[in-house]
1. Just flag the GluC sites (Glu not before Pro) in the stretch B:1-81 sitting in loop per DSSP whose Cβ has no more than 16 other Cβ atoms within 10 Å.
2. To the nearest whole number, what is the average tally of beta carbon atoms from other chains within 10 Å of the beta carbons of peptide A:199-207?
3. For the pair A:D84/A:N162, report the inter-label distance in nm, with labels modelled 7 Å from Cα in the Cβ direction.
4. Scan around A:V160 for amide H atoms under 5 Å from its own, H built in the peptide plane at 1.01 Å from N, and keep only partners 5 or more places away or cross-chain.
5. Using just the helices of chain B, give the 222 nm mean residue ellipticity in deg cm²/dmol: DSSP H runs with n ≥ 4 each add -39,500 (n - 2.57), and the total is spread over all residues, rounded to 500.
6. Compute the Cα gyration tensor for chain A, then decide on rounded, prolate or oblate, letting a ≥ b ≥ c be the square roots of its eigenvalues: rounded whenever a/c is under 1.5, prolate when a/b is larger than b/c in the other cases, and oblate in all that remain.
7. How many nanometers, to one decimal and shortest first, lie between the label point of B:E53 and those of its other copies, if labels sit 7 Å from Cα toward Cβ?
8. So what is the relative contact order for chain B, in percent, with contacts set as C-alpha pairs under 8 Å and at least six apart?
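Values quoted throughout were computed directly from the atomic coordinates according to the rules given, and no laboratory measurement underlies them. Just so we're clear, the structure is a prediction, and the values are computed from it rather than from any experiment. Cβ coordinates were reconstructed from backbone atoms using ideal geometry, including for glycine residues, and neighbour counts include every protein chain displayed.
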2 protein chains.
Amino acid sequence: MGGDHAPAEIVAGAVQAYREHGVPVVLVGAPRVLHEALIEHDAARQIPIVRAEEALEMNAGALASLRRPRSSIAVACHLVRRGDACAVVSAGSTAGVVATGKLRLRGQQGVLRPALAVVLPTAPRPTILLDAGANAEVKAESLVQFAHLGIAYAETGLGVANPKVGLLTIGSEAEKGDKLVRRAHELLAAAPGIDFGGNVEGHDLLTGVVDIVVTDGFTGNVALKAIEGAVRFTFGELRASFAESRLARFGALFQRSPLRDLRDRLDPEAYGGAVLLGLNGTVVIAHGASRANGIAAACALAARLAAAGTVAKIGERVAGTHRPHRLWS
Amino acid sequence: MGGDHAPAEIVAGAVQAYREHGVPVVLVGAPRVLHEALIEHDAARQIPIVRAEEALEMNAGALASLRRPRSSIAVACHLVRRGDACAVVSAGSTAGVVATGKLRLRGQQGVLRPALAVVLPTAPRPTILLDAGANAEVKAESLVQFAHLGIAYAETGLGVANPKVGLLTIGSEAEKGDKLVRRAHELLAAAPGIDFGGNVEGHDLLTGVVDIVVTDGFTGNVALKAIEGAVRFTFGELRASFAESRLARFGALFQRSPLRDLRDRLDPEAYGGAVLLGLNGTVVIAHGASRANGIAAACALAARLAAAGTVAKIGERVAGTHRPHRLWS
């Protein structure tokens, strides 16, 4: 029931996920509305519906999710908790989904803070940025755990072998940055099981110099939105430049490929979608503006993560971050 | 002596500033080298030289500036301190210039932390972002002072009347963000003399929704570099898209205006250049890759700021931020 184009595009995406990606999907929400949407796709017998009469508003904050224990996202989390589903996909309010996920699925044992991971469109392979906004304030130990969460995601969700981790800061030398980052640098450099590539800066986020960039949720959210804004700004200026130039006829070409393809690829509404890592279940948050293709891709990602045992892999990695008990020292 | 193209382009820029903008310039550095460069422009009688035998390396950190009290940037700051010059322009290492400026010019009375302000290429008028990296960690009170520094800069340097201030965070509601931001929001909303427009997010940096965006130097530096990286990335992808498409012949056009103009305008090497605000003197840091045009523009900005009394204006504004003494309460 979440997303700017719900329920029509969400239902269409679910049908597409089932038919094109072979992902069995359960829809959660208002039964009558969902049933009617399924009938339009002749899919009422293929996609079951679980009733949830309430839904979070798209601008819902964290508190709203506590006040609505029977919202569609809360019910969806409950299905995962009971073992009746293995992942949740939502295009609803990020803050609402994060809060509901934390509350209903709980953090995995040993995970200090769940984190929101987004995939940046670097080439030849994507870069994962986390935390993109689940935690405004964290400790250095959490940044080390974020590296483990990101590695598990890269390996299981994106098929990246031996991903390299970078720490987002404001200078490449180890002593640069604030206290949090300097401490995290020490911990990451000493952490077993992490291929630490050192500090990276804001301009490295799109160069693919590392596979995973860890940062606190405040910095990560600002950086992600700054990138989205800069890409949108550049395309806007580009269109304006074409329009006012002798090359104005190119303005029409702007609507065609490859420029349109590029814009779509760089648009957060296309590459967007985030994974909430560190909970007892897989949660994929599609962009609020997602249409059927985006929802189908999010469902396929969720199925891939669930099938590859991302949650278990995170559990193993995080268990290793605890210092061994020194029983006989 | 600082900058990737020093001294040739720096000297050329100084000559241009004198001839085209009417700004009297003094060059500081190795006399023989500078004199030879001036002769090439037939300007040896127009531009005086002040000797400084040492220079900071382009990758110099903050400590190097302490070890080199006779570096060209230190001598230039000394000229301002003695009243023999009214502003410093450098294309040297930002960290080195910031550290030297703080040490040699000292912070203005009442200024908690000097800040680095950059101008983003928003339309119809630019947005000032500060702090862009002078302080990795600050208190909420400093963020309020940054607003005053930014207002003085906008009014005197850019001719903006009644500039509006935004606070960079991760949600538009007052309660969003970390502790620092929530406290700064309260202080800014209550501060006299500040037209506070509320919270802004990363994607607002280039929409011109406010004239000044205040943030800590860690977040500001990451956001600035993320924007620079995203603009560069988008142009790179654009070029690649052209190259591999049927529209490949447009690849050649890419080298012509208006695309080149746009790229130049959005390139940090063009719009870059920062002002270190809050010191007893005006310091403009041109981008390291600056050529003559950029240096001349930086000199013109420095002259404008000095002539408009930016330092005095900051002093007045910051004096107002102290709570009045309650003598007879």
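1. Values: sites: B:E9, B:E20, B:E36, B:E40, B:E53, B:E54, B:E57; in loops: B:E53, B:E57.
Sparse-neighbourhood loop GluC sites (Glu not before Pro): B:E53, B:E57.
2. Numbers: counts 0, 1, 7, 12, 12, 3, 6, 9, 4.
The shielding value for this peptide is 6.
3. Each label point lies 7 Å from its Cα, and together they span 4.6 nm.
4. Residues meeting the amide H criterion: A:E155.
5. On the way: 13 runs with 153 residues, N = 329.
Theoretical 222 nm ellipticity from helices: -14500 deg cm²/dmol.
6. Working: a/c = 1.96, a/b = 1.11, b/c = 1.75.
Taking the square roots of the gyration eigenvalues as a ≥ b ≥ c, chain A is oblate.
7. The answer, with the shortest distance listed first, is 8.8 nm.
8. Working: 626 pairs, mean separation 79.0, N = 329.
With pairs under 8 Å counted, the relative contact order is 24 percent.
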